[in-house]
Amino acid sequence: MSTIRQQIIFLLEAKTGDARMISQSVGISEKDVYSHIPHIRKTVASMGKSLVVTPARCMNCGYEFETRKKISKPGRCPRCKKERIEPPVFEII
């Protein structure tokens, strides 16, 4: 039996995914996925790999949240104020 973080690492090594895909595959909430990501980043760095985060993007105007420090999905776009946001996507390479 492996831990939740080990399951997430194994999943992200196989394919890219957002928090919803990870939560459905591992059986935890999306909020819990976001809390595990900083720890997973450190773990994979010690393994000689890296966690690549494709930033969230506004589906209305195309604004990318590249400078955002938080990993979680933003609530709304600062440019157009819409709430249609694509969540960040994670990948281990």
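Tell me which of these Glu86 doesn't satisfy, since it passes every other one: (1) at pLDDT 95 or above; (2) of a type in the set (D, E, K, R); (3) out of contact with any Cys (no Cβ under 9 Å at 6 or more places or on another chain). Of everything listed in (1) at pLDDT 95 or above; (2) of a type in the set (D, E, K, R); (3) out of contact with any Cys (no Cβ under 9 Å at 6 or more places or on another chain), Glu86 misses just condition (3). Report, by residue number, each residue of region 60-93 that is within 17 Å of Arg20 (Cα to Cα), part of a loop (DSSP other than H, G, I, E, B) and among the hydrophobic types (A, V, I, L, M, F, W, C). Ile71 - this is the single residue of region 60-93 that is within 17 Å of Arg20 (Cα to Cα), part of a loop (DSSP other than H, G, I, E, B) and among the hydrophobic types (A, V, I, L, M, F, W, C). Within region 11-26, the presence of at least one residue that is of a type in the set (S, T, N, Q), outside any loop (DSSP other than H, G, I, E, B) and buried (at least 18 other Cβ atoms within 10 Å of the Cβ) is confirmed.
Against the criterion of being touching a residue at least 40 places away in the same chain (Cβ under 8 Å), out of contact with any Leu (no Cβ under 7 Å at 6 or more places or on another chain) and either under 29 Å from Cys80 (Cβ atoms) or of a type in the set (A, V, I, L, M, F, W, C) (or both), Ile9 qualifies. Annotation note: of Ser72, Ser2, Ser23, the sole residue that is within 22 Å of Ile85 (Cβ to Cβ), of a type in the set (Ser, Thr, Tyr) and without any contact (Cβ under 8 Å) to a residue 24 or more places away in the chain is Ser23.
Any residue at all in region 48-56 that is of a type in the set (Val, Ile, Thr), in a helix (DSSP H, G or I) and out of contact with any Ser or Thr (no Cβ under 6 Å at 6 or more places or on another chain)?
Of all residues in region 48-56, those of a type in the set (Val, Ile, Thr) come to 52-54.
Now narrow it down to the ones that are in a helix (DSSP H, G or I): none.
Scanning region 48-56 turns up no residue that is of a type in the set (Val, Ile, Thr), in a helix (DSSP H, G or I) and out of contact with any Ser or Thr (no Cβ under 6 Å at 6 or more places or on another chain).
Among residues of region 27-46 being β-branched (Val, Ile, Thr) and assigned to a helix (DSSP H, G or I), the one that is surrounded by the most Cβ atoms within 10 Å (Cβ to Cβ) is Val33. In the condition set (1) surrounded by fewer than 12 Cβ atoms within 10 Å (Cβ to Cβ); (2) charged (D, E, K, R); (3) in contact with a strand residue (DSSP E or B) (Cβ under 7 Å, 6 or more places away or on another chain), Lys49 is compliant with all but (1).
Collect the residues in region 75-93 that are closer than 23 Å to Leu12 by Cα and surrounded by 18 or more Cβ atoms within 10 Å (Cβ to Cβ), keeping them in residue-number order. So that I can check it myself, show each step before the final result.
First pass over region 75-93, keeping only residues closer than 23 Å to Leu12 by Cα: 85-93.
Passing the criteria: Ile85, Pro87, Pro88, Phe90, Ile92.
Ile71 falls short on exactly one of the conditions (1) surrounded by 18 or more Cβ atoms within 10 Å (Cβ to Cβ); (2) modelled with pLDDT of 95 or more; (3) β-branched (Val, Ile, Thr), and that condition is (2).
The values are calculated or read from the model by the stated rules, or taken from the named source; none is laboratory data. A quick note: this is a predicted structure, and the numbers were derived from the prediction, not measured. Because the Cβ atoms are built from the backbone with ideal geometry, glycine has one as well, and the counts that use them run over all protein chains shown.
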